[in-house]
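Here's the structure, in structure tokens; my notes come after.
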Amino acid sequence: MDYHANYSIWDGVYYHPHLFGVIMLTAALLGFSTSYLSGIASFPTLPYMLPYLGNLQKEKSGKKRIRVYMDGCFDLMHYGHANALRQAKALGDELVVGIVSDEEIIKNKGPPVLSMEERLTLVSGLKWVDEVIANAPYAITEDFMNSLFNEHKIDYIIHGDDPCLLPDGSDAYALAKKVGRYKQIKRTEGVSSTDIVGRILASMEDKQVNGECNGMDMSLDSHLKSKHASNFLPTSRRIVQFSNGKGPGPNARVVYIDGAFDLFHAGHVEILKRARQLGDFLLVGIYTDQTVSQQRGAHFPLMHLHERSLSVLACRYVDEVIIGAPYEISKGMIKTFNIYLVVHGTVSEIDNSLNVMEDPYKVPKSMGIFRTLESPKNITTTSVAQRIKANHEIYQKRNAKKEASEKKYYEDRKYISGD
């Protein structure tokens, strides 16, 4: 963390009250103004002295960095998870994330969709995460809590304001609350892993009714109005919270990669990491919902444009996104964003039976700035959805129970913070 950039002038007052008093008293007695002092031997004016004095004291004393811990299953990673970890990081200086083991998830919730390896890749790829602990327990036991405090030097344990209950009905974070080392954040409305599983299952049902049974496909308008459509209400504030807020330098090598990035998964993280290594600034184009539907069919995307954009923005390898990027890359676009290299992975989900447009990379190829990247993983949005469809009865039963508790949460809520 950059101390020099973050401390106000009042830090000097706080850490040096006596020195501050002496300076002010001396200036008053001698009748010197700070502007007069600045003219003598280049003496700095008082407002510029105070932050320096405060910073000097903090650097000498070595202010303790606050370490916070948050755990979760992080199955079917989405922007709600990312926002929770963003809020947790804001409560401290270093964020340690515990990822619940497959065995613990099975015991408490049912089978996870993603493997531990995939969930580790997703969580480690978030810009707010400093460390991860694999195979964390579902409940904060006394032994595990002590190991967090003593071995991992954790100061506070964080969780959302939605209840996290064990099979016996007890609070999974009761011990942390009892010892006064617990802090709470707001749940992100409009999305959950349960919701996403529901969208996939509903998509499967819609396809069977409208596609296989009637020999026809749903229109895009019908798809957007279906029961698995998103309830997320995007705001400019949320986008700003996820954004790095910085553009590329004048000589930066800007690498561009585009795609749907639907149901953000480990394959996305790995290809973005590889793309970022080819330059200094990674710009990611996120296709519109209409473009994705044209490429893959009316039942896609599972996540709408703003949801997909936030998931990509949360990735530590991404510097900026184009929300609703054009499918075809033009020469004008390359000039506007000063693109040095355009890349594309080898794993693609375009349905060739649909009327897909011509080669979108024709221009960068003609300019000699296109490169194909070998996709590190074969996982795709469709393959993740297929895992749920293959065990749809298990997930339907689990979702019925979870949806009831989520409905109660929404009924009981009073005010939702913008955080």
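Can you tell me which condition Glu358 does not meet? The list is (1) over 25 Å from the mean Cα position of the chain (by Cα); (2) assigned to a helix (DSSP H, G or I); (3) not polar (S, T, N, Q), and all the others hold.
The number of the failed condition is (2).
List the number of the failed condition for His228; all other conditions in (1) at pLDDT 55 or above; (2) of a type outside the set (Val, Ile, Thr); (3) touching a Ser or Thr at 6+ places or on another chain (Cβ under 9 Å) hold.
For His228, the exception is condition (1).
List the helices (runs of 4 or more DSSP H) that sit entirely inside the stretch 241-332 and contain at least 1 residues that are within 16 Å of the chain's Cα centre (by Cα) and among the charged types (D, E, K, R).
Ranges flagged: 266-276, 305-313.
Does Leu126 satisfy the condition of being within 20 Å of Glu270 (Cα to Cα) and at pLDDT 95 or above?
So Leu126 fits the description; yes.
So if I check each of Ile369, Ile394, Ile416, Ile388, which one is modelled with pLDDT under 90, surrounded by 15 or more Cβ atoms within 10 Å (Cβ to Cβ) and not assigned by TED's automatic domain parsing to the domain that holds Glu118?
Ile388
Given the condition modelled with pLDDT of 90 or more and of a type in the set (Ser, Thr, Tyr), answer yes or no: does some residue in the stretch 195-210 qualify?
no
Considering the stretch 75-100 alone, what residues qualify as being modelled with pLDDT of 95 or more and within 15 Å of Asn135 (Cβ to Cβ)?
Scanning the stretch 75-100 gives Val96, Val97, Gly98, Ile99, Val100.
For the stretch 185-194, give me each residue that is of a type outside the set (Ser, Thr, Tyr) and either assigned to a loop (DSSP other than H, G, I, E, B) or out of contact with any helix residue (DSSP H, G or I) (no Cβ under 9 Å at 6 or more places or on another chain) (or both).
Hits for the stretch 185-194 are Lys186, Arg187, Glu189, Gly190, Val191.
Counting just the residues of the stretch 274-309 that are closer than 20 Å to Ile350 by Cα and aromatic (Phe, Trp, Tyr), which one comes out modelled with the lowest pLDDT?
The extreme case among them is Phe300.
Where residues in the stretch 164-176 are surrounded by fewer than 18 Cβ atoms within 10 Å (Cβ to Cβ) and without any contact (Cβ under 8 Å) to a residue 40 or more places away in the chain, which of them is farthest from Lys109 (Cα to Cα)?
Among them, the one singled out is Ala174.
If I ask for residues that are of a type in the set (Gly, Ala, Ser), under 15 Å from Val100 (Cβ atoms) and either without any contact (Cβ under 8 Å) to a residue 40 or more places away in the chain or surrounded by 21 or more Cβ atoms within 10 Å (Cβ to Cβ) (or both), which ones from the stretch 137-163 would you list?
Applying the first criterion (of a type in the set (Gly, Ala, Ser)) to the stretch 137-163 yields 139, 147, 160.
Those left that are additionally under 15 Å from Val100 (Cβ atoms): 139, 160.
Passing the criteria: only Ala139.
Across the stretch 94-126, which residue is surrounded by the fewest Cβ atoms within 10 Å (Cβ to Cβ) among those that are in contact with a strand residue (DSSP E or B) (Cβ under 7 Å, 6 or more places away or on another chain) and of a type in the set (D, E, K, R)?
Looking at residues that are in contact with a strand residue (DSSP E or B) (Cβ under 7 Å, 6 or more places away or on another chain) and of a type in the set (D, E, K, R), I get Glu94.
The values are calculated or read from the model by the stated rules, or taken from the named source; none is laboratory data. Keep in mind that this is a model prediction, so the values were computed, not measured. Positions of Cβ are backbone-derived with ideal geometry, glycine not excepted, and every protein chain shown enters the neighbour counts.
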